[in-house]
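Structure first, then comments.
The values are calculated or read from the model by the stated rules, or taken from the named source; none is laboratory data. Bear in mind the structure is a predicted one, so any value in this text is a computation, not a measurement. Because the Cβ atoms are built from the backbone with ideal geometry, glycine has one as well, and the counts that use them run over all protein chains shown. Note: accessible area is taken over every heavy atom of the protein model, side chains too, but ligands, DNA and RNA are not part of it. Shrake-Rupley method; radii C 1.70, N 1.55, O 1.52, S 1.80 Å.
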Amino acid sequence: MSGKPKLTYFEGRGRMESIRWLLAAAGVEFEETFLKTREQYLKLIKDGYLLFDQVPLVEMDGLKLVQTKAILNYIAGKYNLHGKNLKERAHIDMYVEGTMDLMGMILVYSFSPPEQKEKQLASVLEKATTRYFPVYEKALKQPGQEFLVGNRLSWADVQLLEAILMVEELKSDVLAPFPQLQAFKARVSNLPTIKKFLQPGSQRKPPPDDAYVATVHEVFASK
């Protein structure tokens with residue numbers, strides 16, 4: 001049996017994508033099983049794989065891990081991406097919560113009715129450029145500060161790059177007012193494990209399309 005982590009989720013981004021990013025950044029190969037039918041989902045529940053009847057599910061180290069933040073915390077701790085001490089971890093967690101909030105808005109946007117999308121897009125871009133990105137820009141302005149915390153790669157950096165790329169898919173020049181974030185993006189994108197994950201053919205997933213949204217609705221639909 002393979003010792004690689006096994007990820008069970010839809011064949012799309014959703015709440016699993018940050019987990020894929022973090023494993024890839026740590027240089028960990030993983031396998032994926034994709035949910036395509038409601039029957040697959042119900043069988044996972046019946047067989048006791050989903051503690052709260054929710055995905056993502058990650059099987060690794062003999063554990064059946066659920067709940068996105070718990071999974072990410074485990075991976076970050078295991079692969080030394082969660083700071084050297086409790087204070088660094090607190091700062092990493094705060095930065096991570098910020099990017100989670102921002103990416104959560106983009107996730108909701110993808111599932112919104114067409115008549116609401118223009119308003120929601122404007123809200124995402126407004127919050128990205130006035131609430132979230134300025135915080136990270138300021139953190140990176142300190143001399144010699146290449147990463148957000150402890151001047152070494154952490155979970156916070158990986159998730160910030162993921163968030164930046166997601167917002168750029170909505171507005172390609174969104175980083176124009178943020179020179180530190182531009183430099184950060186170039187620097188972190190060229191780290192070997194992350195550069196590999198950004199190449200075509202990797203396990204990184206594309207933005208959600210109508211087929212992905214329909215599959216999610218079908219799997220979670222009530223009987």
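In the range 97-153, which residue that is under 20 Å from residue 16 (Cβ atoms) and touching a Ser or Thr at 6+ places or on another chain (Cβ under 9 Å) is modelled with the lowest pLDDT? Of everything passing the filter in the range 97-153, 109 is modelled with the lowest pLDDT.
From the list 159, 182, 142, the one residue that fits, being closer than 28 Å to residue 89 by Cβ and surrounded by fewer than 13 Cβ atoms within 10 Å (Cβ to Cβ), is 142. Cβ separations smaller than 6 Å between residues 6+ apart or across chains give the following pairs from the range 56-67 residues that are touching a residue at least 24 places away in the same chain (Cβ under 8 Å) to residues that are among the basic types (Lys, Arg) and surrounded by fewer than 17 Cβ atoms within 10 Å (Cβ to Cβ): 59/6. The C-beta contact set for the range 176-197 (first residue within 14 Å of residue 154 (Cα to Cα), second residue open to solvent by 70 Å² or more (accessible area, probe 1.4 Å) and not in a loop (DSSP other than H, G, I, E, B), distance under 6 angstrom, 6+ apart or interchain) is empty. Looking only at residues of the range 166-190 that are assigned to a helix (DSSP H, G or I) and either at pLDDT below 95 or among the polar types (S, T, N, Q) (or both), we find that the one that is farthest from residue 136 (Cα to Cα) is 189.
Among the residues of the range 72-87, none qualifies, meaning not one is under 30 Å from residue 221 (Cα atoms), of a type outside the set (A, V, I, L, M) and not in a helix (DSSP H, G or I).
For the structure I just gave you, tell me whether residue 126 is within 19 Å of the chain's Cα centre (by Cα), open to solvent by 50 Å² or more (accessible area, probe 1.4 Å) and either under 29 Å from residue 86 (Cα atoms) or free of Cβ contacts under 8 Å to residues at least 40 places away in the same chain (or both). Working first, answer last.
Numbers: within 19 Å of the chain's Cα centre (by Cα): no; open to solvent by 50 Å² or more (accessible area, probe 1.4 Å): yes; either under 29 Å from residue 86 (Cα atoms) or free of Cβ contacts under 8 Å to residues at least 40 places away in the same chain (or both): yes.
No, not satisfied.
Take the conditions (1) among the β-branched types (Val, Ile, Thr); (2) under 20 Å from residue 102 (Cβ atoms); (3) assigned to a helix (DSSP H, G or I); residue 193 misses just one of them, which is (2). Here 165, 175 are screened, and the one residue that is on the phi < 0 side of the Ramachandran plot and buried (at least 17 other Cβ atoms within 10 Å of the Cβ) is 175. Quick check: is even one residue across the range 71-80 modelled with pLDDT of 95 or more and on the phi > 0 side of the Ramachandran plot? Yes, there is a match, as at least one residue in the range 71-80 is modelled with pLDDT of 95 or more and on the phi > 0 side of the Ramachandran plot. Apart from one condition, residue 109 fits all of (1) within 21 Å of residue 194 (Cα to Cα); (2) in a helix (DSSP H, G or I); the exception is (1). Taking the conditions (1) open to solvent by less than 50 Å² (accessible area, probe 1.4 Å); (2) free of Cβ contacts under 8 Å to residues at least 60 places away in the same chain; (3) of a type outside the set (Gly, Ala, Ser); (4) not in a helix (DSSP H, G or I) in turn, residue 44 satisfies each one other than (4).
Name every residue in the range 6-57 that is of a type in the set (Lys, Arg) and either over 12 Å from the mean Cα position of the chain (by Cα) or on the phi > 0 side of the Ramachandran plot (or both), in order of residue number. Residues satisfying the conditions are 6, 36, 38, 43, 46.
Just give me the residues in the range 137-165 being within 23 Å of residue 75 (Cα to Cα) and part of a helix (DSSP H, G or I), in sequence order.
As a first pass, look at the range 137-165 and keep what is within 23 Å of residue 75 (Cα to Cα): 146-165.
Residues satisfying the conditions are 155, 156, 157, 158, 159, 160, 161, 162, 163, 164, 165.
For the structure I just gave you, tell me whether residue 64 is open to solvent by 50 Å² or more (accessible area, probe 1.4 Å), closer than 23 Å to residue 216 by Cα, modelled with pLDDT of 95 or more and of a type outside the set (S, T, N, Q). Answer is yes for this residue. In the range 12-36, of all residues being among the acidic types (Asp, Glu) and within 19 Å of residue 198 (Cβ to Cβ), the one that is surrounded by the most Cβ atoms within 10 Å (Cβ to Cβ) corresponds to 17.
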